[in-house]
Amino acid sequence: MALTGLEIYKKLPKQNCRECGLPTCLAFAMKVAAGQAGLDTCPRLTEEARSNLNEASAPPQRLVTIGEGEAGFPMGQETVLYRHEERFHHPCGIAVRVEDTLDDAGLDARLEAIGQMAFERMGLRMVIDLVAIDNVSGEAARFAACAKKAAEKLNKPLVLISGNVAALQAAAASVAPRRALLQFTEAAPGEDLFKLAKEKNLPLGLQADSLEALTALAEKARAAGLQDLVLSPGAAAGPAAALEFLTKTRRAALQKKFRPLGYPVLTYALGSGDEALIAACWYVLKYAGIVVVDTLEPVAVLALMMTRFNIYTDPQKPVQVEAKLYAVGEPGELSPVLITTNFALSFYSVEGEVEAARVPSYILAVDTEGTSVLTAWAADKFNAETIAAAVEKSGLAEKVKHRKLTLPGHVAVISGGLEEASGWKVDVGPKEAVGLTSYLKQRWKAE
Ligand code: SF4
């Protein structure tokens, strides 16, 4: 079992020097016990104490990376059960399954569709994270050829799914040096599987239909010297069983510091209907490290990606853009100047409507610490003075000949004050971004 904060404290230098960034050694010990600080941040710790405390300092859930370098996909090392307690750190990977029974043309088409699937949202480019090759054929050569083609065509981390050690060995060799996840689907892995993962330094996925059985498997793998493990309830587990599995493993890892279950979890939401999509969204929300899906329907993949986006944002930091002047299209001296806040949703709503209207414009995103127009106005962060200061700082006066700003309709009440503070005329625009197209095309005039 992991050490408590007081047990860790007993082994610390007790100098309260603050070099770790915390006010006291006791505060540091508590952070280490909670898995929120590493021993490396205390430079005064003796080597002996460091090695004694290693078990306590290890994060309650291990960080496991599939692939390497910039193309590597990290998962795990989560620190809280509930997002509002801090935040979730490593977004769940979306892996699209590719069955190795596809013929050449079908395989090419599916890999191409996976590579092309991408969405732009709130300034982010969202793509499929991983490719999961499933050894449905049961044949090692076919599985290896399919994995090889996926590795050649796509620069994405690979999950190799099979219950056949020889097939996993052949596929791992065919994609080397890619660091693929070996996802073993049988309940009784032998020493040959552990040997393969250890010799090739590959992460190993284990599955069982009960936590007791999985704990025994994980302990066996750890005893064999394996550190990078991934746990799974298997493809046959229904949504209720999979959610129970996800919740119990996360609780065991974080609340009990139970090391055999302190690993990321891989789940399956196979099929193409709404039920599979709903299950996939639930797994994303409830702690999955990877969810393997079949669907490549854009509307389903986008729904899944937006579910993930929302749960993995930092609840204490509104999603924001840099507060500055943006040019949409190629605005000129007589182009409109639209004022908004640097709340990402506000900014991208305005930007999207301006692009759709095809009227080149400037957008001035005022720093409101990422809050929306009305919230910022209510908090006195979006007022005549802050906007006038942003206009001054932006250098707008040198970019446009006119002296007219367009203010969001929701804050029309500050238009007079803004004219006085800035010396610019103020035009009150629509309350919602959706009204910008008609405003820009029909109402806006430079003079
Ligand atoms: S750096 Fe080490 S000795 Fe200094 S306060 Fe932190 S834990 Fe204590």
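Nothing in this text is a laboratory measurement; each read-out follows from the coordinates by a stated rule. What you see is a predicted model; the values in this text were computed from it and never measured. Quick reminder, even Gly has a Cβ in these numbers, built from the backbone with ideal geometry, and neighbours come from all protein chains shown.
Data for the structure
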read-out: Footprinting exposure proxy for 415, 422 (fewest neighbouring C-beta atoms within 10 Å first); value: 415, 422
read-out: Listed residue (281, 231, 80) projecting farthest to the positive dipole end of the chain, Cβ model; value: 80
read-out: Rounded to the nearest 20 debye, dipole of the chain from Cβ charges on Lys, Arg, Asp, Glu; value: 1000
read-out: Estimated FRET transfer efficiency (residue 173, residue 224; beta-carbon r; R0 25 Å; 0.05); value: 0.80
read-out: Hz values of 3J(HN,Hα) by residue in region 107-120 - Karplus curve (6.51, -1.76, 1.60), Gly and Pro given as x; value: 5, 4, 5, 5, 5, 5, 5, 5, x, 8, 5, 8, 9, 9
read-out: Which listed pairs, of 324/399; 195/248; 404/445, have C-alpha distances above 18 Å, in listed order; value: 195/248
read-out: Value of D in µm² per second that Stokes-Einstein yields for the chain, Kirkwood Rh from Cα pairs, at 10 °C (1.306 mPa s); value: 63
read-out: Positive-pole candidate from 395, 337, 206, dipole of the chain, charges at beta carbon; value: 395
read-out: Least to most buried among 251, 97 (fewest other Cβ within 10 Å first); value: 251, 97
read-out: Region 349-402, dipole about Cα centre (Lys/Arg Cβ +1, Asp/Glu Cβ -1), debye to the nearest 20; value: 220
read-out: Acute angle (nearest 10 degrees) that the helix 165-175 long axis makes with the longest principal axis of the chain, alpha-carbon atoms; value: 40
read-out: Between helix 211-223 and the chain: long-axis angle, C-alpha atoms, 0 to 90°, nearest 10; value: 80
read-out: Debye intensity ratio I(q)/I(0), log10, region 359-447, q values 0.20, 0.21 Å⁻¹ (C-alpha model); value: -1.01, -1.12
read-out: Region 5-57, dipole about Cα centre (Lys/Arg Cβ +1, Asp/Glu Cβ -1), debye to the nearest 20; value: 200
read-out: Between region 96-114 and region 343-374, the Cα center-to-center distance that results, in Å; value: 40
read-out: Fewest-first ranking of 343, 143, using other Cβ atoms within 10 Å as the exposure measure; value: 343, 143
read-out: Per-pair calculated FRET efficiency, R0 = 30 Å: residue 19 and residue 380 via Cβ, rounded to 0.05; value: 0.15
read-out: Separation in nanometres of the label points that stand 7 Å from Cα toward Cβ, at residue 244 and residue 191; value: 3.6
read-out: In nm, spacing of pseudo-spin labels at residue 152 and residue 369 (7 Å Cα→C-beta vector); value: 5.6
read-out: Fluctuation leader among 147, 176, 397 - the chain, Gaussian network, Cα springs under 10 angstrom; value: 397
read-out: Reachable lysines from residue 148, criterion Cα separation under 19 angstrom, eight or more residues apart if same chain; value: 156, 200
read-out: Distance between modelled label sites at residue 70 and residue 398, nm, 7 Å Cα→Cβ extension; value: 3.3
read-out: Crossing angle, helix 384-394 versus the chain [Cα axis fit, 0-90 degrees, rounded to tens]; value: 80
read-out: Calculated from backbone phi, Karplus (6.51, -1.76, 1.60) coupling profile of region 247-264 in Hz, x at Gly/Pro; value: 5, 5, 5, 5, 5, 4, 6, 8, 8, 9, 6, 8, 4, x, 10, x, 9, x
read-out: Long-range amide H partners of residue 205 with built H, under 5 Å; value: 182, 183, 184, 230
read-out: Proximal lysines to residue 10, defined as alpha-carbon separation beneath 23 angstrom and excluding residues fewer than eight positions away on the same chain; value: 31, 256, 257
read-out: For region 64-74, Karplus couplings with θ = phi - 60° (6.51, -1.76, 1.60), whole Hz, Gly/Pro x; value: 10, 10, 9, x, 9, x, 5, 8, x, 10, x
read-out: Beta bridges by DSSP in the chain, antiparallel share as percent, to the nearest 5; value: 25
read-out: For the chain, built as a Gaussian network whose Cα springs stay under 10 Å, the top-fluctuating residue of 384, 235, 253; value: 384
read-out: Potential lengthening between residue 270 and residue 85 on full extension [0.36 nm per residue; Cα-Cα distance subtracted]; value: 63.4 nm
read-out: Solvent-free Debye scattering, log10 I(q)/I(0), computed from the Cα coordinates of region 79-177 at q = 0.12 Å⁻¹; value: -0.46
read-out: Radius ratio Rg over Rh of region 5-57, counting only Cα atoms, Kirkwood formula for Rh; value: 0.89
read-out: Helix-only CD estimate at 222 nm, as mean residue ellipticity for the chain, using -39500 (n - 2.57) per DSSP H run (n ≥ 4); value: -11500 deg cm²/dmol
